[in-house]
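Only one structure is covered here, and it is reproduced in the block below.
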Amino acid sequence: MVDPQQQNYYHQRNKGPSTSHVLAIATIVPFGASLLILAFLTLTATVIGLAVAAPLLVFFSPVLVPAALIIGLAVAGFLTSGAFGVTSVSSFAWMASYLRRSRLPEQLQQTLGDLAQRTKEVAESGINKAQDMAQEAQSSAREAKTVHEENKTSSS
């Protein structure tokens, strides 16, 4: 047998939609219809654009395909380089924290200090050589400019 409360619930349920349901449907139907129209217009514009652009893509494909390939490889190279850089920095950070926590023998600490000092000296000498080469290049450029100006005035 059916409980009278359940029977009353089903009778109330079958009377018809409530006001909130009617308002929800009245709001959703126009909104959904407008979105459906926008989707159709977008699809139509995409198909027309593809039909117009297809001959251009075929015509320019000898240029576009290698360009896309080069751009793709360049992006892949940059991403790979960044990944390797992040990996190396994190590895060095882990190693530094590990070495700080451990008790290194005094000799190893002294060796690492000497290595750091030598690295600093080599870097400084490289910077000095680069500065010297830049100064020589500037003086050579000045001499070439002077010779060019002298040749210009003597030929006039």
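Going by the structure shown, is A45 at pLDDT 85 or above, surrounded by 10 or more Cβ atoms within 10 Å (Cβ to Cβ) and among the small types (G, A, S)?
So A45 fits the description; yes.
Please verify whether the range 124-140 includes one or more residues that are over 41 Å from the mean Cα position of the chain (by Cα), without any contact (Cβ under 8 Å) to a residue 12 or more places away in the chain and assigned to a helix (DSSP H, G or I).
Scanning the range 124-140 turns up at least one residue that is over 41 Å from the mean Cα position of the chain (by Cα), without any contact (Cβ under 8 Å) to a residue 12 or more places away in the chain and assigned to a helix (DSSP H, G or I).
The values are calculated or read from the model by the stated rules, or taken from the named source; none is laboratory data. For clarity, every value in this text was computed on a predicted model and none was experimentally measured. Because the Cβ atoms are built from the backbone with ideal geometry, glycine has one as well, and the counts that use them run over all protein chains shown.
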